[in-house]
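The structure under discussion appears below in the form of structure tokens.
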Amino acid sequence: MRPAPLSALRALLLLLALLLPLSAGAQTPHLQRFLAETDPATLNPQADGYGPMRDDAPVAPLLRGTERIGWVFITSDFVGTTGYSGKPIHIMIALDDDARIQGINLVHHSEPIVLIGIPEARIRTLLDQHIGLDLAAVDAAGGTLSELNIISGVTVTIMVIDDSIIRSGIRVARLLGLGGLAPQTAPTGPRFEINAQAAPAGGWSAMVGDGTLRRMTLEVAEVNAAFEALEDPRAARRPINEADDALYIDLFTAPVSVPGIGRALMGAAEYANLENWLEEGEHAILLAGRGLYSFKGSGYVRGGIFDRIVLIQGDTSVRFRDRDHRRLGDIATPGAPRFNEMDIFRIPAEAGFDPAAPWRIQLLAQRDVAALERVFTTFDLGYQLPRAFLTELAQPAPVAMADVHDAQAERAAQMALIERIWHDRRAEIAVLVAMLTVLTGAFFFQGWLTRSERVTYWFRMGFLTLTLFFLGWYANAQLSVVNIMALSQSLVAGFSWQAFLLDPMTFILWFSVAAALIFWGRGAYCGWLCPFGALQELTNQIARKLRVPQVTLPWGLHERLWPIKYMIFLALFGASLASLEWGERLAEVEPFKTAIVLKFDRAWPFVLFAVALLVAGLFIERFFCRYLCPLGAALAIPARMRMFDWLKRYKECGNPCQTCANECFVQAIHPTGEINPNECLNCMHCQVLYQSKTKCPVVIRQFKRREAVGGAPRALNMPNRAAKTKPSTKETDNV
């Protein structure tokens with residue numbers, strides 16, 4: 001059965017997918033606007049104009065004089081995938097009659113990291129790499145590019161751009177019949193459904209004989225001959241050094257999600273497990289092989305994709321990932337030979353696989369011709385389900401297929417992109433969930449953790465180091481006030497989960513922050529999970545080791561400086577209501593993009609600003625967090641509704657004792673003893689002092705009294721009191 005966490009995650013994504021926006025087809029086409037604004041020469045140097053937009057689709061001819069040399073369209077007119085900003089990325093594309101991209105231009109976007117951060121020229125350079133791309137070949141290969149050139153810091157944006165280019169380009173090519181791609185039309189002829197009651201007639205030999213099992217046998221001589229026929233002469237110079245009649249591969253396949261076939265090949269118990277594994281609309285096939293060549297290879301161990309096999313049905317190709325794979329222990333059919341490999345592969349529902357229609361397995365054979373170079377050839381194993389397993393349906397009246405703006409297809413495509421992103425980042429997600437689990441445990445059991453000042457200090461330093469290097473510089477999981485502004489704009493314009501689900505690390509972090517605000521306030525994120533905050537604190541700790549003098553601001557000045565961050569946040573929020581783009585530009589007061597996302601690889605004014613803040617933090621710990629951070633201010637406002645007060649205090653705290661107030665590195669403790677939850681970073685140092693036998697006067701007095709009466713020191717049972725709570729006389733005597 002599928003692991004419970006994966007099932008739960010998939011169920012969550014499917015639920016949220018129901019809330020994804022409909023496709024762009026319901027809105028006025030963007031093409032007419034951008035035709036007037038875009039020079040045709042930016043798409044093709046030979047072009048000098050555009051023809052009128054077609055009546056049946058937002059596509060227009062690209063002209064050289066009066067000659068049509070291509071077709072142009074805007075990606076957002078055909079696909080509804082939005083960027084990280086929650087808004088579509090508008091890209092104009094020119095296709096030739098062979099469905100090749102001859103020109104591409106980023107005409108408008110609202111991506112914050114590109115507006116201010118990464119130069120737009122770098123994005124355009126990446127887009128230019130799509131020029132010459134054969135969309136017909138991409139469609140035949142499964143409709144996605146196997147490799148993407150990712151720019152650090154804009155992974156989500158690049159994946160959205162690639163998805164929009166490929167899906168919209170294939171749709172236009174189909175619509176216009178470019179590159180041999182035909183428009184999708186309703187099927188004609190007999191229609192069938194699976195006969196769940198049918199069963200194979202006999203054992204293994206009988207199933208091979210009647211076509212229930214299909215077989216492809218290749219000998220070494222056949223494979224050597226196939227490589228010799230390739231244009232590259234190096235392929236023939238490295239033949240397989242085995243006898244010509246040696247078995248290269250003996251490959252069998254069958255659709256085991258067909259009930260009768262699955263039970264016969266897998267047995268009743270294994271077939272029941274298969275049914276539990278498959279979800280609505282999913283199918284599964286068996287592949288069993290023996291011989292010199294493995295149909296699985298080892299690439300899936302590193303990259304998660306079985307690169308030697310692909311299932312092809314019509315114009316649809318399905319490449320299998322490791323999450324869609326299960327090994328089969330044994331074949332239950334009598335007379336089955338022994339195999340080196342027996343595996344079940346799941347076909348996802350969004351592939352639209354029809355087990356009643358013909359399909360084939362394409363096997364990729366490879367041969368090394370140089371140290372880092374290979375050549376490839378393919379062999380096909382076709383399959384058609386025997387008539388005995390089919391029941392003919394009545395022929396319906398002819399209907400047209402859904403048009404390019406099919407909302408259901410668009411939602412499914414957006415969901416596929418989201419699932420792909422979450423799957424590709426599953427290792428990062430696992431580490432983040434582990435970090436959140438450890439931090440939650442530390443908060444719940446802080447009384448035990450803070451018994452040792454040394455343990456607490458090194459736990460915090462270790463956690464902050466992981467936050468900086470993993471969450472920040474590796475995973476780019478740095479929250480920003482831009483996220484809050486984008487959320488507010490989304491609520492106004494029509495909320496959708498899509499933009500938030502595109503970045504799983506940010507989504508999980510915001511979900512955990514929302515929960516933490518109820519329990520601990522803003523300190524859970526600002527004090528432990530913010531990469532830039534971790535960078536400030538770690539550099540300050542290094543400065544302390546180097547004896548850099550520390551500056552403690554007078555309480556009156558400090559108290560008048562911390563409201564600045566609230567004013568900055570309100571100014572940014574107000575600007576975003578007028579124009580999100582302006583709000584995002586002004587949000588550069590946050591140095592997060594410079595120091596964390598882009599790792600200081602940016603124009604010198606931005607780097608100078610970030611470095612200046614870090615230098616200030618060497619003398620005044622967490623300088624930016626305390627006085628300038630708009631994100632901290634935004635989190636502090638709802639944090640006032642937290643339900644619990646976890647920080648223990650004595651009535652003597654603040655009057656007369658000032659130990660905690662003096663040692664609080666962000667000065668979140670008033671001279672009167674109260675902890676300001678809006679400024680507290682939950683570092684737990686005050687809880688270390690609360691139990692300290694060398695610094696806390698209350699604890700020291702407790703031990704001195706017991707020593708005076710000759711009693712051995714015993715473990716203290718410290719009462720949990722809020723800062724302003726006045727204990728009873730009995731409690732005061734106890735301490």
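The values are calculated or read from the model by the stated rules, or taken from the named source; none is laboratory data. Bear in mind that the values here come from a model prediction, so they are computed numbers and not experimental data. FYI the Cβ positions are ideal-geometry reconstructions off the backbone, even for glycines, and counts take in every protein chain you see. Surface areas here come from the heavy atoms of the whole protein model, side chains and all, with no ligands, DNA or RNA. Shrake-Rupley method; radii C 1.70, N 1.55, O 1.52, S 1.80 Å.
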Per the filter on the range 684-699, residues assigned to a loop (DSSP other than H, G, I, E, B), open to solvent by 10 Å² or more (accessible area, probe 1.4 Å) and in contact (Cβ under 8 Å) with a residue 24 or more places away in the chain are Q691, S692, K695, C696
Among the strands (runs of 3 or more DSSP E) contained in the range 316-410, which hold 3 or more residues that are at pLDDT 90 or above? 325-327, 341-347, 359-370, 373-383
Exclusive hit being among the small types (G, A, S), open to solvent by 10 Å² or more (accessible area, probe 1.4 Å) and within 24 Å of the chain's Cα centre (by Cα), set A332, A357, A336, A349: A349
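Rundown of residues vs (1) out of contact with any strand residue (DSSP E or B) (no Cβ under 7 Å at 6 or more places or on another chain); (2) at pLDDT below 75; (3) over 20 Å from S576 (Cβ atoms), yes/no style:
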{"position": "V482", "(1), (2), (3)": "yes, no, no"}
{"position": "S490", "(1), (2), (3)": "yes, yes, no"}
{"position": "Q498", "(1), (2), (3)": "no, yes, no"}
{"position": "L501", "(1), (2), (3)": "yes, no, yes"}
{"position": "T506", "(1), (2), (3)": "yes, no, no"}
{"position": "S512", "(1), (2), (3)": "yes, no, yes"}
{"position": "A516", "(1), (2), (3)": "yes, no, yes"}
{"position": "G521", "(1), (2), (3)": "yes, no, yes"}
{"position": "C526", "(1), (2), (3)": "yes, no, yes"}
Being under 24 Å from M641 (Cα atoms), open to solvent by less than 60 Å² (accessible area, probe 1.4 Å), in contact (Cβ under 8 Å) with a residue 12 or more places away in the chain and assigned to a loop (DSSP other than H, G, I, E, B), is that true of even one residue in the range 547-561? no
Is one or more of the residues making up the range 285-298 within 30 Å of L390 (Cα to Cα) and more than 39 Å from the chain's Cα centre (by Cα)? no
Flagged in the range 374-390 as within 37 Å of the chain's Cα centre (by Cα) and free of Cβ contacts under 8 Å to residues at least 12 places away in the same chain, in numbering order, are R374
The residue that is farthest from N340 (Cα to Cα), considering only those in the range 204-254 that are at pLDDT 90 or above and among the aromatic types (F, W, Y), is W204
Would you check if there is a residue in the range 226-249 being open to solvent by less than 40 Å² (accessible area, probe 1.4 Å), in contact with a strand residue (DSSP E or B) (Cβ under 8 Å, 6 or more places away or on another chain) and closer than 30 Å to R323 by Cα? yes
Take A639 and decide whether it is buried (at least 20 other Cβ atoms within 10 Å of the Cβ), touching a helix residue (DSSP H, G or I) at 6+ places or on another chain (Cβ under 9 Å), farther than 24 Å from Q550 by Cα and not charged (D, E, K, R). yes
Looking at the range 620-635, is at least one residue open to solvent by 30 Å² or more (accessible area, probe 1.4 Å), at pLDDT 90 or above and part of a helix (DSSP H, G or I)? yes
Assess whether G583 counts as being more than 22 Å from F470 (Cα to Cα) and at pLDDT below 85. yes
Tally up the residues in the range 34-59 that are within 35 Å of the chain's Cα centre (by Cα) and of a type outside the set (S, T, Y), please. 8
Selection from the range 34-55 of residues that are more than 14 Å from V107 (Cβ to Cβ) and touching a residue at least 24 places away in the same chain (Cβ under 8 Å): N44, A47, M53
List pairs: first in the range 668-679 and on the phi < 0 side of the Ramachandran plot and of a type in the set (S, T, Y), second modelled with pLDDT under 85 and open to solvent by 10 Å² or more (accessible area, probe 1.4 Å), Cβ under 6 Å, 6+ apart or cross-chain? T672/G654
Does the range 25-44 include one or more residues that are within 30 Å of V481 (Cβ to Cβ), touching a strand residue (DSSP E or B) at 6+ places or on another chain (Cβ under 7 Å) and at pLDDT below 90? yes
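Conditions tested, residue by residue: (1) farther than 30 Å from L449 by Cβ; (2) open to solvent by 60 Å² or more (accessible area, probe 1.4 Å); (3) part of a helix (DSSP H, G or I).
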residue: Y566; (1), (2), (3): yes, no, yes
residue: L570; (1), (2), (3): yes, yes, yes
residue: G574; (1), (2), (3): yes, no, yes
residue: R585; (1), (2), (3): yes, yes, yes
residue: T594; (1), (2), (3): yes, no, yes
residue: L608; (1), (2), (3): yes, yes, yes
residue: M643; (1), (2), (3): no, yes, no
residue: W646; (1), (2), (3): no, yes, no
Name the residues in the range 661-683 that are in contact with a Phe, Trp or Tyr (Cβ under 7 Å, 6 or more places away or on another chain) and open to solvent by 40 Å² or more (accessible area, probe 1.4 Å), would you? P671
Out of everything in the range 443-481 that is open to solvent by 10 Å² or more (accessible area, probe 1.4 Å), closer than 29 Å to L598 by Cβ and in contact (Cβ under 8 Å) with a residue 60 or more places away in the chain, what residue ends up being nearest to the chain's Cα centre (by Cα)? N476
Quick one: in the range 260-283, which of the residues that are closer than 16 Å to L213 by Cβ and open to solvent by 20 Å² or more (accessible area, probe 1.4 Å) is farthest from the chain's Cα centre (by Cα)? A264
Collect the residues in the range 422-471 that are within 23 Å of L538 (Cα to Cα) and among the basic types (K, R), keeping them in residue-number order. R451, R454, R460
